[in-house]
Amino acid sequence: MRDALHAEWTKLRTTSGPALLIVAAVALTVAVSAAVAAGVSYTAGTSQDLAKISLTGIYLGQAVIAIFAVLAVSAEYSTGMIRTTLTAMPRRSTLLAAKAIVITTLVLAAGSLAVLACVLAGRLLLQGNGFTPAHGYRVLSLAEASTLRAAGGSVLYLVLIALLSLGIALALRDSATAIGVVLALLYLFPIVAAAVSNIHWWRHLQQIGPMTAGLAIQTTTGVDRLPIGPWAGLGVLACWATGAMLIGALSLQLRDA
Amino acid sequence: MSAYQSTLPLGRDGFAQLLRAEWTKLRTVRGWVIGLLVAAVVTVAVGVLAAAASHASACVLRVGAAQPVCHAIPAPPTGPGGEPVSDNFYFVHQPLTGDGSITARVDSLTGLITSGDASPDQALAGARPGVQPWSKAGLIIKANTTQGSAYAAIMLTGGHGVRWQYNYTHDVAGAPGAAPRWLRLTRAGDTVTGYDSLDGTHWTRVGSARLSGLPATVPAGLFAASPDYQEISSHVGGSSGTIDQTQATAHFDQINAPTGAWTGTAIGAGGFARSDTLSGFSRSGDTLTVRGSGDIAPAVGGDPSPARGLDRTLVGTFAGLIALIVVAALFITAEYRRGLIRTTLAASPRRGRVLAAKAVVVGAVAFVAGLAAAAVAIPLGQHVLRSNGNYIYPVSASTEVRMIVGTAALLAVTAIAALAVGTMLRRGAGAVAAVIVAVVLPYILAVASVLPTSAGQWLLRVTPAAAFAVQQSLIQYPQVSGQYTPTNGYYPLSPWAGLAVLCGYTAIALGAAAYVLNRRDA
């Protein structure tokens, strides 16, 4: 297993694509979050969710993380490298586990970095925009349980998105199709929910959509009004990721490379 | 011994041959044909499923409550043009037979905003003073006292001066300013004309209207109305608002009418959520005081309107779009992956023409798929929405054609953008993700209540997602203050201007792709 991990790490380390994508994911997440935080200013009579504002960039960053995870598999299929990999490591479950562990570790590290930078940017920018204790807002801090949950949950969210993408890429093999399916799963639920006028259906769509449910973890105010609770929402995304990984593992096990 | 010479006829290398070659490539890859069919099918299917999940009921989710409270809502009344209208006001009238005229001076126009917590029978408890910009008081001639009947009115408004309005959708500005103001309304045959004056002697004609089929005897007189006060606070994660009923109080004097006998009627009384205690009239000497609530105007989308825009039936466009983006990006990136691009460029060395042929083929195919899907999705979705009891805003035939053709154009231009980005990146995954994120993500942030309304409107101006404006079916009326937000189906740009934004981005991408294709080795 150690050799398998080492091989996967070498494959990711020695091509420029994965490193660029990880850097892009962190940079875009922080840039969008900072832009939104800079653009929101305090007005009397409204209530804002400071943690959620500071983490808006996850909406964009997750797409880059999805590309990263999809390419970790699809690139091997498109170049034929997968045949070398499977010759060197015939036990496919070991290969899958090694890939998943390396990707999880990398996304954990990149996600933590991005989220920490987002919270720091939000803390500085939002205070400057009037969200001060004098106006009834507490300074954004990870010492607070709800903010810590939002920040830590966002990192876990990115990891689960990466695993979901990994599973779909294993099942579909083609990178373009896989990324199309992943983004459709993420983005279509909120769009259809917005078009449905029946509030029960709206709630159900928000509850089962991987993105809408998973991002409930970012909410720190008005949690009781959410269609789904923060941890339950992340659980829904975990179910999606588990399902995708199972289908991916089966495809890897049963099909010729 | 002579050199070998092929007996095959010399092939031509015209653009038509290139188009045929690219069409053959697209047609003979089974996965891409399936992808195109999937795009058309999901466009219809997602739209119909969303319509099937929409029932005509208004639901309110109160803070702390687990389940929302719902109630059925009736269809709104319709005006002479068939458009949905709101027609709620207090009408103090007398019969006017044949030609004639009414003159009155609006001495003052004041208003009250009710508190949302007040009970319906004590609507004015906790009310605060404040006249709405579109509070109206003045003179009106109406075909009859049922909601939605034809009318013409000259009025003074709370913040927009004197207005001449008729048949709900027409609005002409008169002199700006506030009370006191003299108003006059005359009828001659089917034509009604409105005048205003500052002093009662020098009159200015503001406008006139021909109300065809006006009965010989019509109710005519004074009215007051005041639209609901809407306060929308937007925050990251959505917007929430309060809607409070308001009351306008107008004092009329110097009244000159055929008789002195007045009857008061609350038009639209007892309607949905409208309190009857807000309206009425009283008389002291020569002064008539009219109190009214509601509005005489076209109905617009957004809460608490029960009506839906026809664009709801096209929500499946997003699903179809993603499928088309995948096919269009693969149309070029697969050539790079398989090395076919070297054969293609050897056969046709002028690379710009290859790119142009690919763009024409993929654009045309996406256009046809989009046209077919939208032409099926709109009537089918409309049928499902109607059978679920929803009221759909009627749209003109030209609007419906614009929605169908616009959706097809939106899909075609996006497919060409995916081709261009695919040419630049040569990688399918990057191209697909970049185009989906650029076109779909701004729409989600703006419409699915993630960003505040102003930020969402900005996104729908400057990003490729502006093109979804081509699907707008609702009409924005300047004389009605409504929630004209992306969430309610109103885009900040006009339909074709929105599509032009996407075309601009695609042109830039295509130009960059042609440059890169010419400069790089394949």
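Over chain B, DSSP H runs of length four or greater, each weighted -39,500 (n - 2.57), average out per residue to a 222 nm ellipticity of -12500 deg cm²/dmol.
Ordering A:ALA27, A:VAL139, A:VAL102 by Cα displacement along the dipole of segment A:27-147 toward the positive end leaves A:VAL102 in first place; charges were set at the Cβ atoms of Lys, Arg (+1) and Asp, Glu (-1). Mean residue ellipticity at 222 nm, helices only, chain A: -26000 deg cm²/dmol; runs of at least 4 DSSP H residues each add -39,500 (n - 2.57), and the sum is divided by the number of residues. Look at A:CYS118, A:CYS239 and count the other Cβ atoms within 10 Å of each Cβ; fewest to most, that gives A:CYS239, A:CYS118. Annotation for segment A:127-173: trypsin sites (Lys or Arg not before Pro) lying in DSSP loop with at most 16 further Cβ atoms inside 10 Å of their Cβ are A:ARG138.
Could you work out how far the C-alpha centroid of segment B:441-498 sits from that of segment A:17-70, in angstrom? Each part's Cα centre sits 22 Å from the other's. Distance between the C-alpha centres of segment B:371-397 and segment B:184-206: 43 Å, rounded to the whole angstrom.
Calculated on C-alpha atoms, the gyration radius of chain B divided by its Kirkwood radius gives an Rg/Rh of 1.13.
Distance from the Cα centre of segment A:119-185 to that of segment B:402-430, in angstrom? What the calculation gives is 29 Å, centre to centre. Split chain B at each of the chymotrypsin sites (Phe, Trp or Tyr not before Pro) in a DSSP loop with at most 14 other beta carbon atoms within 10 Å, and the longest piece is B:5-271.
Within segment A:2-254, the percentage of alpha carbon pairs spaced more than 31 angstrom apart rounds to 28%.
Legend: calculated FRET efficiency, B:LEU37 to A:TYR137, from the Cβ-Cβ distance at R0 = 51 Å, rounded to 0.05, equals 0.45.
Label-to-label distance, B:ASN518 versus B:ALA52, with points set 7 angstrom from Cα along the beta-carbon direction: 5.2 nm.
Applying 1/(1 + (r/R0)^6) with R0 = 41 Å to the Cβ-Cβ distance of B:ALA364 and A:MET81 gives a FRET efficiency near 0.65. Sequentially through segment A:129-136, phi angles give Karplus couplings (6.51, -1.76, 1.60; θ = phi - 60°) of 8, x, 7, 10, x, 5, 9, x Hz, Gly and Pro residues having no value and appearing as x. Using 0.36 nm per residue and subtracting the Cα-Cα separation, the extra length available between A:SER146 and A:LEU124 on full extension is 6.1 nm. Annotation: amide H-H contacts under 5 Å for A:PHE131 (H modelled 1.01 Å from N, sequence separation of 5 or more, or interchain): A:TYR42.
Using the Cβ-Cβ distance between B:THR28 and B:GLN5 with R0 set to 22 Å, the FRET efficiency from 1/(1 + (r/R0)^6) comes to roughly 0.10.
For the protein assembly as shown, the equivalent ellipsoid built from the Cα gyration tensor has semi-axes of 59, 33, 21 Å, listed from largest to smallest.
Where a number appears in this text, it was derived from the coordinates with a stated rule and is not lab data. Quantities reported herein were computed from a predicted structural model and do not represent experimental measurements. For neighbour counting, all protein chains shown are included, and Cβ atoms are generated from backbone atoms with ideal geometry for every residue, glycine included.
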